[in-house]
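Scroll down for the structure; my scribbles are underneath it.
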Amino acid sequence: MIPDTVRSVIALKAGTMRLLSYMGVTGRVSHIEGSEQRRNVPYLFANPHLRGLPVIGAGNNYDTELLAAAESDLIIATFMSTQEADRLQRLTGKPIILLDYGDMGERRDALYGTLTLLGAIFGLPGRADSIVSYIESTIAGCASRASQATEPRRTAYVGGVAYNGAHGITSTEPDYPPFDILSLKNVAGEPQLRNDKEEPGHLVLFIDQEQLIEWDPDVIFLDATGRQIWQEEITPGVMSNSLSAFRAGEIYTVLPYNWNTTNYENILCNMWYIGSVLLPSAFGDVDVTEKCREIYRFFYGTDIYDKVYDYYRPFERLSDTMEE
């Protein structure tokens with residue numbers, strides 16, 4: 001039974017703490033997973049106090065006995081089966097709420113439903129509604145701008161997308177939300193790359209270098225999480241010599257997309273930046289830095305852009321930084 005007033009909560013699995021941060025309830029979090037002490041993600045930049053809380057297990061693995069002993073009203077989790085949740089609830093004696101993390105594509109309604117549920121649990125329905133409205137208005141505004149762009153649409157590719165860790169340039173996302181929302185041609189978005197049972201939505205895809213060379217996208221965006229790997233891959237060699245984007249200096253860095261699952265706030269930041277790069281006729285008046293500051297202030301109640309920028313170095317044209 002969920003208490004009428006939730007005073008303390010434990011967040012388990014990828015993305016749960018991010019959603020609680022969006023809701024502004026990290027002050028009610030009583031314990032953290034061990035991995036939260038080491039992560040460098042926006043919600044921890046905004047809530048550094050979380051790193052000092054007692055841990056309930058090593059890494060991403062919870063300890064059932066520690067959970068049972070913790071004085072908390074509720075456990076909230078994502079990416080957990082009902083069987084695991086039932087077992088954990090039985091062993092800890094604490095109610096467990098499972099969240100559907102959703103995505104920014106076909107399953108956006110699932111994300112919105114989860115935010116609404118959190119609003120009900122914490123007595124903050126207005127905050128949940130405001131997050132939904134903010135995401136929708138931002139997407140609608142960017143899509144409207146993109147529809148009015150006058151330049152020819154260039155092909156694009158995003159590499160370095162994380163999945164259970166960092167990866168290099170050949171790790172990509174067929175349904176990368178900024179590309180979809182801005183109606184850009186994603187060279188990795190070909191239907192035949194999916195398995196028969198895979199529907200549109202969040203899917204990390206690993207391709208061969210030969211495939212990327214064959215696609216030869218006009219512009220390449222590289223996710224900052226894979227920097228140490230893709231920096232070695234883009235040094236002079238077969239890859240850089242074979243791709244038009246390298247020769248033209250059309251390589252740009254973007255904020256993490258799938259770092260401890262989907263970073264929704266970073267998607268919105270990336271969308272504004274990618275629009276400014278590929279569709280300047282529609283986004284030329286946008287100050288991307290100020291947009292990012294606004295986004296972080298909305299989601300976290302504080303401007304953490306400088307901390308995020310210093311750590312990830314996004315929104316750079318790599319040809320410029322390489323020449324320095």
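General remarks:
- Test for Leu222: is it under 19 Å from Leu243 (Cα atoms), at pLDDT 90 or above and in a strand (DSSP E or B): yes
- Residues that are over 25 Å from Arg153 (Cβ atoms) and either modelled with pLDDT of 95 or more or assigned to a helix (DSSP H, G or I) (or both) do occur in region 237-252, at least one of them.
- Residue match in region 106-113 (condition: modelled with pLDDT under 95, over 24 Å from Ile267 (Cβ atoms) and out of contact with any strand residue (DSSP E or B) (no Cβ under 7 Å at 6 or more places or on another chain)): no
- Checklist (1) among the aliphatic types (A, V, I, L, M); (2) in a helix (DSSP H, G or I); (3) touching a strand residue (DSSP E or B) at 6+ places or on another chain (Cβ under 7 Å) applied to Ile75, failing item: (2)
- Among the conditions (1) closer than 29 Å to Tyr309 by Cα; (2) in a helix (DSSP H, G or I), the only one that Ala14 does not satisfy is (2).
- Restricting attention to region 137-191, the residues that are among the charged types (D, E, K, R), in a loop (DSSP other than H, G, I, E, B), surrounded by 14 or more Cβ atoms within 10 Å (Cβ to Cβ) and out of contact with any Phe, Trp or Tyr (no Cβ under 9 Å at 6 or more places or on another chain) add up to 3.
- Residues satisfying the stated conditions in region 106-129, i.e. assigned to a helix (DSSP H, G or I), farther than 18 Å from Arg18 by Cβ and not small (Gly, Ala, Ser): Asp109, Pro125, Asp129
- Among residues of region 124-146 that are more than 17 Å from Leu184 (Cα to Cα), those with a Cβ under 6 angstrom from a residue that is of a type in the set (Ser, Thr, Tyr), sequence gap 6+ or separate chain, pair up as Ala128/Thr116; Ile131/Tyr22; Val132/Tyr112.
- Residues of region 91-105 that are surrounded by 15 or more Cβ atoms within 10 Å (Cβ to Cβ) and part of a helix (DSSP H, G or I): Thr92 alone.
- Of the residues Leu88, Leu50, Leu19, the single one that is buried (at least 19 other Cβ atoms within 10 Å of the Cβ) and either farther than 22 Å from Thr261 by Cα or in the same structural domain as Glu294 (by TED's automatic domain parsing) (or both) is Leu88.
- Against the numbered list (1) over 28 Å from Gln211 (Cα atoms); (2) surrounded by fewer than 16 Cβ atoms within 10 Å (Cβ to Cβ), Ile304 comes up short only at (2).
- Candidate set from region 257-299 (those that are in a helix (DSSP H, G or I) and touching a Ser or Thr at 6+ places or on another chain (Cβ under 6 Å)); member that is nearest to Arg145 (Cα to Cα): Phe283
- Residue within region 53-68 that is modelled with pLDDT under 95, in a loop (DSSP other than H, G, I, E, B), of a type in the set (A, V, I, L, M) and in contact with a Pro (Cβ under 6 Å, 6 or more places away or on another chain) present: no
The values are calculated or read from the model by the stated rules, or taken from the named source; none is laboratory data. Fair warning: this is a prediction, and the values are worked out from it, not measured in the lab. We place every Cβ from the backbone using ideal geometry, glycine too, and count neighbours over all the protein chains shown.
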